[in-house]
Amino acid sequence: MLEADVLPMSGNYITNLMHFITFLELKKMHVSGTTSFTQILPEKEVELEKSKSRLGRFDFFAQTTNGKSIGFEVLTRPSKGKMKEKLPYSREVDEFVFVIPEHSLDFYKKHEKNGLHDSVRKKFLPKEFADKKLFVWILDSEKHRFTQKGSFSEVFNVDL
């Protein structure tokens, strides 16, 4: 059985909803067997490597049965700057996942080729986001489901 069965809630409705849906998704992955976890911890504190005096906090921290550690950051209003601030957390885990609402960073998103999108100038996120440890889960909060999961550079235009 997993260690976390209760999810502490604080913040506004959308923040709580996104945390709750992410937590349910992790439990669903565990129950279905797609990824087995030994623990899922909400609000796990971490001491950041570069600045030993600075503590940080993962919104969720998961440990898989094969020993992989995964940190999750749920951002209700993501921006390039906010995400860049959270990048040092990725050094503390094997995988780091940003959970963001659908359509929040569309101007950085990779689009399927069609006449309209080909003519629109692409915007790129900095090369730090090309790290193979970085992943993104895109959440449709109205339908309460994830619409896309993948590595950061698969979903968004990243400056290489």
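The values are calculated or read from the model by the stated rules, or taken from the named source; none is laboratory data. Treat the numbers as computed from the prediction; the structure is a model and nothing was measured. Note: ideal-geometry Cβ built from the backbone for every residue, glycine included; neighbour counts use all protein chains shown.
G67 - would you say it is part of a strand (DSSP E or B) and farther than 13 Å from F135 by Cα? Spelling it out, it is not the case that G67 is part of a strand (DSSP E or B) and farther than 13 Å from F135 by Cα.
Does segment 28-78 hold any residues that are small (G, A, S) and surrounded by fewer than 16 Cβ atoms within 10 Å (Cβ to Cβ), and which are they?
S32, G33, S36, S51, S53, G67 - these are the residues of segment 28-78 that are small (G, A, S) and surrounded by fewer than 16 Cβ atoms within 10 Å (Cβ to Cβ).
So which residues in segment 71-116 are part of a loop (DSSP other than H, G, I, E, B), modelled with pLDDT of 80 or more and not charged (D, E, K, R)? Listed by number, the residues that qualify are L75, T76, P78, S79, V93, H103, S104. Once segment 129-160 is narrowed to residues that are over 12 Å from the mean Cα position of the chain (by Cα) and under 20 Å from S69 (Cα atoms), the residue that is modelled with the highest pLDDT is K132.
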